[in-house]
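Asker: Before anything else, here's the structure in question.
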Amino acid sequence: MIDPRTDVSITSDGNLLFDKAVKDNVETVWHRHEAQQPQCGFCDMGLSCRICIMGPCRVDPFGQGPQTGVCGADADIIVARNLCRMIAAGAASHSDHGRDLVEVLEAVSKGEAPGYKIRSEEKLRRVAREYGIQTEGKDVLTVAGELADAMMEDYGMRRKSVTLVNRAPEKRRKVWEKAGITPRGIDRETSEMMHRTHMGVDNDWVSLLTQGLRNALSDGWGGSMIATEVSDILFGVPAPKPTMVNAGVLKKGQVNIVVHGHNPVVSEMVSKACISEEMLALAKAKGAAGINLVGVCCTGNELLMRRGIAMAGNHLMTELILSTGAVDMMIVDYQCIMPSIGKAAACYHTKMISTSDKARFPGMEHHEFHPDNAEEKAKTLVKAAIENFGNRKQVYIPVAPQEAVGGFSIETILGALGGTPAPLIDAIKAGKIRGAVGVVGCNNPKIKHDYGHVTLIKKLIENDILVVDTGCVSVASAKAGFKVPSAIEMAGPGLKEICGALGIPPVLHLGSCVDNVRILVLVSALADALGVDISDLPVAGSAPEWYSEKAVTIGVYCVASGITTHLGPMPPVTGSMNVVKLLTEGLNDVVGATFGVEPDPEKAAVFLIRVIEKKRKALGLDSRTV
Ligand code: BF8
Ligand code: SF4
């Protein structure tokens, strides 16, 4: 059994709430991870296959046992197929999330989504024009309907390429064309990936992985990009806002509602209901000083970006914040919601609510949200949370919240720079900012909670590297204090000077995981301004604590877009040295970027700094030896 005195996290709220959970006999992700030891070595190496029921099969990595599955698939084929199915699942998750937003956009255009509206007409018209829609003289709802239709086409098979690949620099599009990986339809690529990995279809590991790249690009420049753009259109383009983070954002005297998941379609309506006069009056009548809406995981990031709503924690905090006993209701949509949390909540008074027709959980009440009923449903749920406030027993909120600034969309970053990336490019050319790294992704109980993120980011900013982050990393870095303007004191002299002049922190919060596409848009703008390809830029990516299939897809679309990417945990590919070599070396010849795997964040920082300094040298800029 894990000793409760052993730190599971580098954060004090993580450790204190873990101890509280243990005291309350709440089983956590760390307990279940320990109970799974030793985890299967074949699966860990990607060498097991259960694609068909002639199997399950496994290949012996030591050459003693079978070297093929029943069908004859060898290690290379099995490893490649498994990885490709992870890519397909990740692409499907992000892109289906995007589809839900397109459906809301369509419903808004038809007047069938009370409560939702177009919050950024400017962005709506701008994106519509990118889709070739004539917008002049048309009213906003007509444009919204036409854009929703055009985006739906991107999901299908009528197009030669998804529309938003046109945002990539021309040189990059040529790279994709040459490699045959320009994504056609969003659903098409995922569907084809699943087809190719069926028994007896594509049995060439190179060909499989090539489709893996195309599938991931259909997410990055397709489904995820649509998700972000439509969210901005419906809920507003984010702008920097002050906020608070960690478990201390829960409030003793107020009704605490936590939203968890990914899609802002539900959480935005809940947020609206929480500030209604009617609900606030009801809360007062029930003895609460107010209604405190906070987020966890990516739906929290969406609210933080646009509304400055506080963030209680990231992936590994989702069970722990329930052990505060202060959560009156948790409302979930989908993705990264551990099926355990209904059980954890049962130890307290917390009401657990699921809202998506495609995501149900044990121990939760199901209240399905659709565009036509979301506004009403949200009010009903907030009311139920208020009613539940009086059922609280002991409350334990062990920390004070930490300040942070979030909400950096590309529009606001470029706006702060005077409408062009030129000042950022000048700072990079002058060597004050050496380059930039997007640090993204999850938590994973295999790594001490937040250790990878915080250690890596600290090293990067000390070395004058600007960090942009998304997803669960963004909570870790905010909790560590990297997201207040005074955090420039932790930065190297050049980064300190530039961020100080702009009044921004050295780590910029770009949003949720689908918002990684904001990074693609930013690097495209930088590459265009310099007249180079993305792979020439002194930039890199990193996922120090990743766990999910979505993170695999993000990593692959970043690399396929020319961004060398570091992974903390090793993906399940070591069963095939051919696949490992392709991912870590061979891809350089195809897309100008590769993966690097390094679990130690201190060493990972050196790897990333070297990538950046090498790119600087190739661009003819001054470069340091590390
Ligand atoms: O999409 S970073 S643990 S919450 S997968 Fe999940 Fe990973 Fe968090 Fe958001 Ni992204
Ligand atoms: Fe075994 Fe081949 Fe079936 Fe996989 S596809 S389970 S390797 S027989």
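Asker: So what is the calculated 222 nm ellipticity per residue for the chain, using -39500 (n - 2.57) for each DSSP H run with n of 4 or more, over all residues, to the nearest 500 deg cm²/dmol?
Answerer: Helix-only estimate at 222 nm: -14000 deg cm²/dmol.
Asker: Normalised by the number of residues in the stretch 427-490, what is the relative contact order in percent for Cα pairs under 8 Å and 6+ residues apart?
Answerer: 39 percent.
Asker: When the dipole is taken about the Cα centre of the chain, and only Lys, Arg (+1) and Asp, Glu (-1) are charged at their Cβ, what size is it in debye, to the nearest 20?
Answerer: That gives the chain a dipole magnitude of about 660 debye.
Asker: Which FRET efficiency, nearest 0.05, do Q134 and L417 yield, Cβ-Cβ r, R0 45 Å?
Answerer: 0.90
Asker: To make sure I understand, if each residue's beta carbon is the centre and we count other beta carbons within 10 Å, what order do R610, R518, R188, R306 fall in, fewest to most?
Answerer: R610, R188, R306, R518
Asker: List the GluC sites (Glu not before Pro) within the stretch 66-141 that DSSP assigns to loop and that have no more than 15 neighbouring Cβ atoms inside 10 Å.
Answerer: Loop-located and lightly packed - E112, E136.
Asker: What is the magnitude of the charge dipole of the stretch 216-358 about its Cα centre, with +1 placed on the Cβ of each Lys and Arg, -1 on the Cβ of each Asp and Glu, and no other charges, expressed in debye to the nearest 20?
Answerer: Magnitude of the dipole: close to 540 debye.
Asker: Of the trypsin sites (Lys or Arg not before Pro) in the stretch 203-273, which ones lie in a loop per DSSP and count no more than 15 other C-beta atoms within 10 Å?
Answerer: K252
Asker: Still on this model: Once you charge only the Cβ atoms, +1 for Lys and Arg and -1 for Asp and Glu, what is the size of the charge dipole of the stretch 130-228 about its Cα centre, to the nearest 20 debye?
Answerer: With Lys and Arg at +1 and Asp and Glu at -1, about 460 debye.
Asker: With the dipole of the chain worked out from charges on the C-beta (+1 for Lys and Arg, -1 for Asp and Glu) around the Cα centre, which of G511, C336, F482 lies farthest toward the positive end?
Answerer: My answer, from the dipole projection, is F482.
Asker: Among G438, L414, Y451, which residue has its Cα positioned farthest towards the positive end of the charge dipole of the stretch 354-496, with +1 placed on the Cβ of Lys and Arg, -1 on the Cβ of Asp and Glu, and the dipole taken about the Cα centre?
Answerer: Of the candidates, Y451 comes out farthest on the positive side.
Asker: Still on this structure, I have one more. Name the lysines eligible as straight-distance cross-link partners of K174: C-alpha to C-alpha under 17 Å, and not fewer than 8 places from it in the same chain.
Answerer: K160
Asker: In addition: Can you tell me which lysines have their Cα less than 17 Å from the Cα of K110? Leave out same-chain residues fewer than eight positions away.
Answerer: Within the straight-line limit of under 17 Å, K110 reaches these lysines: K138.
Asker: For the stretch 555-564, just list the computed ³J(HN,Hα) in residue order, Karplus coefficients 6.51, -1.76 and 1.60, θ = phi - 60°, integers in Hz, with x standing in for Gly and Pro.
Answerer: My calculation for the stretch 555-564 gives x, 5, 6, 5, 4, 5, 8, x, 9, 5 Hz in order.
Asker: Write down the Kirkwood hydrodynamic radius of the chain, to one decimal in angstroms, obtained as one divided by the mean of 1/r over all alpha carbon pairs.
Answerer: When all Cα pairs of the chain are included, the Kirkwood radius is 24.8 Å.
Asker: How would the stretch 129-194 be classified by its alpha-carbon gyration tensor: rounded, prolate or oblate, with rounded meaning a/c under 1.5 and the a/b versus b/c comparison settling the rest?
Answerer: oblate
Asker: Contour minus end-to-end for D24 and A501, with contour as 0.36 nm per residue of separation and end-to-end as the Cα-Cα distance?
Answerer: 166.8 nm
Asker: Which of the lysines could be linked to K448 by a straight reach, that is with a Cα gap under 20 Å, when you skip same-chain ones fewer than 8 residues away?
Answerer: K20, K458, K459, K479, K603
Asker: State the answer as a single residue: which of G261, P601, A179 lies farthest towards the positive end of the charge dipole of the chain, with beta carbon charges of +1 for Lys and Arg and -1 for Asp and Glu, about the Cα centre.
Answerer: Final value for the positive-end residue is P601.
Each reported figure results from applying straightforward, stated rules to the coordinates on display, with no laboratory input. On a predicted model such as this, the values are computed, not experimentally measured, just so you know. Note that we place each Cβ from the backbone using ideal geometry, even for glycine, and neighbour counts take in every protein chain shown.
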